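What follows is one structure encoded as C-alpha cells, with my remarks underneath.
The values are calculated or read from the model by the stated rules, or taken from the named source; none is laboratory data. Quantities reported herein were computed from a predicted structural model and do not represent experimental measurements. Reconstructed Cβ throughout: ideal geometry from the backbone, glycine too, with neighbour counts over all protein chains shown.
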C-alpha cells in the first residue's frame, strides 16, 4: 500500500502581502547578522579614532550589547499594534540610527546611537520571526 506521490506533496504559495514582506524580512535578517559582526571588526578603528583605552573599548561593546535586552519591550508592542508597523518602524529607526552613527563626534554619541540601533535591530529580527 503505497501512497501516491501527489498526495504527499503540499503546495505552498505566498500571497501578495507575503511577497512584499519577504524581502524586508530578509534584509532585516541580513543586517542583524552583519551588525553583530561588524562592530567587532571595526573596534580597532573605533578605538583609534576616539582614542580609547582597552577598558573603554570593552565598555563600549558592552553598552551597545545591552540594547539587545530592551528590544523585547519593543517586540511586546507588536502584540498591541501589530507586527507590520513595529517591524517597519524598527527598520526605519535602525537604519536612521546606523546612519547617524557614522557622524558621531564623540564616543558617548556613538554608544547612544549604537545602543538604540541595537534595540531596533533586534526588535526587527524578533518581530520578523514571530
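Test residue 63 against the stated conditions and say whether it is over 21 Å from residue 27 (Cα atoms), touching a helix residue (DSSP H, G or I) at 6+ places or on another chain (Cβ under 7 Å) and surrounded by fewer than 20 Cβ atoms within 10 Å (Cβ to Cβ). Before you say what the answer is, go through the steps one by one.
Working: over 21 Å from residue 27 (Cα atoms): yes; touching a helix residue (DSSP H, G or I) at 6+ places or on another chain (Cβ under 7 Å): yes; surrounded by fewer than 20 Cβ atoms within 10 Å (Cβ to Cβ): yes.
Here the answer is yes, as residue 63 does meet what is asked.
Exactly one of (1) surrounded by 12 or more Cβ atoms within 10 Å (Cβ to Cβ); (2) modelled with pLDDT of 90 or more is unmet by residue 39. Its number?
Going through the list (1) surrounded by 12 or more Cβ atoms within 10 Å (Cβ to Cβ); (2) modelled with pLDDT of 90 or more, residue 39 breaks only (2).
Residue 70 - would you say it is in a helix (DSSP H, G or I), surrounded by 12 or more Cβ atoms within 10 Å (Cβ to Cβ) and either touching a residue at least 24 places away in the same chain (Cβ under 8 Å) or on the phi > 0 side of the Ramachandran plot (or both)?
Working: in a helix (DSSP H, G or I): yes; surrounded by 12 or more Cβ atoms within 10 Å (Cβ to Cβ): yes; either touching a residue at least 24 places away in the same chain (Cβ under 8 Å) or on the phi > 0 side of the Ramachandran plot (or both): yes.
For residue 70, the condition - in a helix (DSSP H, G or I), surrounded by 12 or more Cβ atoms within 10 Å (Cβ to Cβ) and either touching a residue at least 24 places away in the same chain (Cβ under 8 Å) or on the phi > 0 side of the Ramachandran plot (or both) - is met.
Quick check: is even one residue across region 109-128 more than 11 Å from the chain's Cα centre (by Cα), closer than 19 Å to residue 24 by Cα and either free of Cβ contacts under 8 Å to residues at least 24 places away in the same chain or crowded, with 20+ Cβ neighbours inside 10 Å (or both)?
Taking every residue of region 109-128 in turn, none turns out to be more than 11 Å from the chain's Cα centre (by Cα), closer than 19 Å to residue 24 by Cα and either free of Cβ contacts under 8 Å to residues at least 24 places away in the same chain or crowded, with 20+ Cβ neighbours inside 10 Å (or both).
Against the conditions (1) farther than 17 Å from residue 128 by Cβ; (2) modelled with pLDDT of 90 or more, where does residue 3 fall short? Just the number, please.
Failed condition: (2).
Sort through 51, 55 and tell me the only one that's at pLDDT 90 or above, surrounded by fewer than 17 Cβ atoms within 10 Å (Cβ to Cβ) and not in a helix (DSSP H, G or I).
51
Listed here are the residues, each with its yes/no results for (1) within 12 Å of the chain's Cα centre (by Cα); (2) touching a residue at least 12 places away in the same chain (Cβ under 8 Å).
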{"residue": "14", "(1), (2)": "no, no"}
{"residue": "26", "(1), (2)": "yes, no"}
{"residue": "40", "(1), (2)": "no, yes"}
{"residue": "51", "(1), (2)": "no, no"}
{"residue": "60", "(1), (2)": "no, yes"}
{"residue": "84", "(1), (2)": "no, yes"}
